[in-house]
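Notes to accompany the following structure.
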Amino acid sequence: MEYKKRIIDAQFDLRMEALGAVQIKGPKGCGKTTTAKQKAKSIVEFQDEDNRDNLLMIANIKPSDLLKGEKPILFDEWQDAPKIWGAIRKDVDDSGLSGQYILTGSSSKEVETPHTGTLRISTLKMYPMSLYESGDSNGTVSLMRLFDRSEELDTCRSDLTIDDIKFVICRGGWPRTINLNSDKAKLQIAKELFYQTCDIDISNVDNTKRNPQWARTILKSYARNICTTADTKTVYGDTAASTGMTQPTFQDYINALNKLYIIEDVEAWCPSIRSKTSIRASKKKNLIDPSIAAAALDISPDYFDRDYKTLGFLFESLTIRDLKVYSSEHGGAVSYYRDRYGLEADAVLHLEDGRYALIEIKLGQNEVDEGAKHLLEIERLIKEHNKEEKQVPLRLPDLKIVITGTQYGYKREDGVYVVPLGCLKD
């Protein structure tokens with residue numbers, strides 16, 4: 001099976017060059033092991049039932065024996081043999097060599113290690129596939145080239161129709177779907193992941209028995225509030241009404257879902273351009289992939305024919321996922337801005353060099369003008385702030401973008417870029 005290149009590959013190479021080992025983390029099914037195998041020259045698979053007992057015995061008695069072999073060595077499902085962590089850490093210290101080991105494992109099993117891997121083992125986070133990686137975006141617009149101004153956007157055209165968007169939301173970015181033939185089978189993958197999360201993984205992650213139905217109820221509430229600033233009390237109230245769970249129990253489930261990389265809220269961007277009391281500082285509810293929300297709500301692509309409001313929220317979740325993937329190579333961080341006056345930027349994308357983009361996410365063309373208006377108003381407020389605070393000025397946005405579910409992209413006369421998600425790449 002041909003390997004489908006991932007945007008994380010470049011960051012993976014960099015970490016392997018810099019440190020002795022790399023651990024890849026992320027949600028189950030996002031492609032961690034497949035990506036790691038492209039770099040490994042030797043593989044130790046602790047889930048191989050033919051050799052499992054022997055490998056675990058060696059790992060428990062003398063783990064350093066497993067470090068013998070052509071480097072880099074991949075240890076898959078390394079949490080089953082936690083002593084391997086310490087052995088790798090010591091070997092990296094002793095040898096001083098880079099790129100020796102790769103660690104991958106299930107997000108459904110958390111292991112406490114006696115030593116951190118600081119400056120020995122780098123931790124790299126992996127997301128499900130973006131639309132460009134899965135081949136759904138034609139990649140005619142590079143996000144980074146827009147930042148560099150080396151790509152002036154004239155016009156572009158997405159190949160994705162609104163029905164295609166409905167489908168990719170429900171399918172998700174799971175690599176397993178790529179080689180499946182039928183759409184029905186592709187849609188089943190997210191449902192299976194949702195079932196596995198609630199019925200098995202949420203208890204296995206830290207060996208604590210939890211109620212699958214309660215987990216499903218929490219994720220369903222999260223899905224109903226996705227990409228909104230609904231506070232935790234709202235989700236808890238929604239959940240407690242049908243389950244009767246206490247606040248501490250609810251928080252325990254939330255923590256477990258975070259450990260599984262299923263929940264991934266969006267932080268607020270709080271610049272000092274308005275009074276702190278007017279800025280919404282609560283996190284925006286989100287999941288690692290919109291298909292988890294669709295599975296939690298038990299909806300198919302056809303459902304959206306009657307509910308474009310929900311489609312809009314899940315389209316925003318899809319876009320945020322892709323923005324995180326596209327910016328990952330450049331140390332990108334995604335937040336949002338919203339205040340009580342209704343001014344908002346659905347996403348604020350910061351790069352590690354200080355540049356940032358204000359982004360509004362709009363499903364339809366009729367919302368583009370409103371989105372552009374918001375972005376220009378935030379820029380105006382920053383300029384006004386800088387007139388008064390000359391000693392500590394805020395950087396003006398390097399880009400203002402409205403990302404849409406439409407087919408055509410262009411640069412507006414006011415400097416705002418309109419870019420279909422189906423044209424975007426890193």
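Values in this text are rule-based calculations from the coordinates and carry no lab data. Everything quoted here is computed from the prediction, not taken from an experiment. Because the Cβ atoms are built from the backbone with ideal geometry, glycine has one as well, and the counts that use them run over all protein chains shown.
Straight-line cross-link reach from LYS90 at under 18 Å between alpha-carbon atoms covers these lysines, not counting any fewer than eight positions away in the same chain: LYS62, LYS68, LYS71. Past 22 Å, Cα to Cα, is the threshold; run LYS5/LYS425; LYS5/LYS400; LYS184/LYS425; LYS25/LYS259; LYS283/LYS390 against it and keep the listed order. Pairs exceeding 22 Å: LYS5/LYS400; LYS184/LYS425; LYS283/LYS390. Helix 247-259 and the longest principal axis of the C-alpha atoms of the chain enclose an angle of approximately 80°. The calculated 222 nm mean residue ellipticity attributable to helices in the chain amounts to -11500 deg cm²/dmol, summing -39500 (n - 2.57) over DSSP H runs of n ≥ 4 and dividing by all residues. In loop segments of the stretch 327-361 as defined by DSSP, the GluC sites (Glu not before Pro) with at most 15 further C-beta atoms inside 10 Å of their C-beta are GLU352.
Computing FRET efficiency as 1/(1 + (r/R0)^6) for ASP148 and ALA18, where r is the C-beta to C-beta distance and R0 is 30 Å, gives about 0.80. Residues TYR341, TYR408, TYR222, ranked from the fewest to the most other C-beta atoms within 10 Å, line up as TYR341, TYR408, TYR222.
Within the listed set ASN286, ASN225, ASN207, the Gaussian network model of the chain (springs between alpha-carbon atoms below 10 Å) gives the highest mean-square fluctuation for ASN207. Taking Cα atoms only, the orientation of helix 183-196 departs from the longest principal axis of the chain by about 70 degrees. The slack between TYR341 and ILE43, meaning 0.36 nm per residue of separation minus the straight C-alpha distance, is 101.7 nm. Applying 0.36 nm per residue to the separation of ARG395 and GLN196 and subtracting their alpha-carbon distance, the gain on full extension is 67.2 nm. Footprinting exposure proxy ranking of MET126, MET16, fewest other C-beta atoms within 10 angstrom first, gives MET16, MET126.
Computed from Cα positions, the angle between helix 52-61 and the longest principal axis of the chain comes to roughly 80 degrees. On the principal axes of its alpha-carbon atoms, the stretch 78-216 has extents of 54, 47, 26 Å, going from largest to smallest. At each listed q (0.22 Å⁻¹), what is the log10 of I(q)/I(0) that the Debye formula gives for the stretch 179-272 modelled as equal alpha-carbon point scatterers? Ignoring solvent entirely, the Cα scatterers give -1.14. Across the alpha-carbon atoms of the stretch 8-125, the computed radius of gyration and Dmax are 12.9, 36 angstrom.
Eigen-decomposition of the gyration tensor built on the alpha-carbon atoms of the chain gives equivalent ellipsoid semi-axes of 37, 26, 22 angstrom, largest listed first. Among the trypsin sites (Lys or Arg not before Pro) within the stretch 148-242, those in coil by DSSP and having at most 14 neighbouring Cβ atoms inside 10 Å are ARG149, LYS209.
FRET efficiency for the ARG157 to ASN366 pair, using the beta carbon distance and R₀ = 25 Å, is estimated at 0.85.
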